[in-house]
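Okay, structure first, notes after.
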Amino acid sequence: LTLTEQEGPRNAVRNLSDLAVAAMRAGEYGLAERALDAAILRIDSIIPDDVNAARAKSKFHSEDVKDFKGEPYERAMVYYYRGLLFAKRGDFQNARAAFLAGGWQAAVTPQERFGKTFGMLSLLGAWASACDGDTVRARDLRAAAEREDASLKALPSLPTALVLVEQGSGPRKERSGPHGELLTFAASRPSAPAVQLAAPRRADLVRGADLHQQATSRDGRPIDGILDGKAQFKDGAKAVGDTAFAVAQGALVANLNGNRDLLNLGVAGSLIGTFASILSSATKPAADTRQLRLLPAAIDVGPVEPGTAVQKIAVMAGQQPVAVRLLVEQGRCQLLWGAHAVPGIEAIGAQPDTRHADARRQPDFRRELTAIMRGDRS
């Protein structure tokens, strides 16, 4: 909470999402719901007359001035967690809507739209539909999940009891390129978990989501990184400057022969080159490396026998056990959720708002945080 307040409204989506994940792991589901709702409201909204948004449109202000809304895979995960919490309350229709909204977010960037590849979210939408008694929609969504991710074909057609296992630490954003303009991702590759039941048969999980793959691909195609228009503008301006200086140098040399027209061209080229170089130096193209800090590296999913007690499930991720919680138990509909321990937010570090750009919004944000923290445990 202290980090959320310190980093201000421009970092609210990141910190509220991290707060929600930490709250879920601590069993504070009501707090997690309120934090996720506040984060989603910001993801889906455009703030009018926002000085930070106006600055971010300029080539002369760095990316991290604007309000953080996350990369597609990060936004998808915010909806994934909200869907889990809707399901926990038995609200399967809103759970399905949240899961499907997450799949849409994973396919959308501010500039482009791609095909959906986050098949696990469609699978969870199918599961929620089956729990809601809508078998037709459940079959359609299950088919969509298999089209988006062929590995999900290994699961039974419409399981009503599922276990989700999160493990590892999510992709880490890094800068690369001559100006730090390219956003790339470093990954930790988790091992496949072994899930054992106290029953005679063993349940095998499949990889439902690889967040590094989600971060580094679009429409299933690998990408080198994310390059926004600012870096292209900077390089373009520098190229113009270099070309203009070259023209100027050639023209001024030619003027030694007494050609006044070439002299004028040389002076003009020098002015253009100087201006373009200043423009290039003033541009701040560095990629925005803010990120959600408590996401897993991967999520594995598999069926369990309906009614299986959570105490009878042992999950190992490599050599470390994963605690499994019972989120949903309604008739034959069941959802078990396990999260592998990751470093705390404090260990990763905060980025306080030293620019004071959010001073105007800070009082309202502080009141909103107070409201989010209120309420009984769920």
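I need the full set of residues from the range 159-212 which are within 20 Å of residue 329 (Cβ to Cβ), modelled with pLDDT of 80 or more and either hydrophobic (A, V, I, L, M, F, W, C) or over 26 Å from the mean Cα position of the chain (by Cα) (or both), in order please.
159, 160, 161, 162, 163, 164, 165, 205
Please go through the range 161-192 and give me each residue that is assigned to a loop (DSSP other than H, G, I, E, B) and either more than 28 Å from residue 96 (Cα to Cα) or open to solvent by 40 Å² or more (accessible area, probe 1.4 Å) (or both), ordered by number.
169, 177, 178, 179, 180, 181, 187, 188, 189, 191, 192 - these are the residues of the range 161-192 that are assigned to a loop (DSSP other than H, G, I, E, B) and either more than 28 Å from residue 96 (Cα to Cα) or open to solvent by 40 Å² or more (accessible area, probe 1.4 Å) (or both).
So, of the residues in the range 90-124 that are modelled with pLDDT under 90 and hydroxyl-bearing (Ser, Thr, Tyr), which turns out to be farthest from residue 45 (Cα to Cα)?
Residue satisfying both the conditions and the ranking: 117.
Here's the yes/no breakdown for (1) assigned to a helix (DSSP H, G or I); (2) hydrophobic (A, V, I, L, M, F, W, C); (3) open to solvent by less than 60 Å² (accessible area, probe 1.4 Å); (4) modelled with pLDDT of 85 or more:
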{"position": "5", "(1), (2), (3), (4)": "yes, no, no, no"}
{"position": "16", "(1), (2), (3), (4)": "yes, yes, yes, yes"}
{"position": "21", "(1), (2), (3), (4)": "yes, yes, yes, yes"}
{"position": "24", "(1), (2), (3), (4)": "yes, yes, yes, yes"}
{"position": "45", "(1), (2), (3), (4)": "no, no, yes, no"}
{"position": "60", "(1), (2), (3), (4)": "no, yes, no, no"}
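Just a yes or no: is a residue in the range 141-152 assigned to a helix (DSSP H, G or I), surrounded by fewer than 17 Cβ atoms within 10 Å (Cβ to Cβ), modelled with pLDDT under 95 and among the aliphatic types (A, V, I, L, M)?
yes
The values are calculated or read from the model by the stated rules, or taken from the named source; none is laboratory data. The model shown is predicted, which means the values in this text are computed figures rather than measured ones. Cβ atoms come from the backbone with ideal geometry, glycine included; neighbour counts cover every protein chain shown. Note: areas computed on protein heavy atoms with side chains; ligands, DNA, RNA excluded. Shrake-Rupley method; radii C 1.70, N 1.55, O 1.52, S 1.80 Å.
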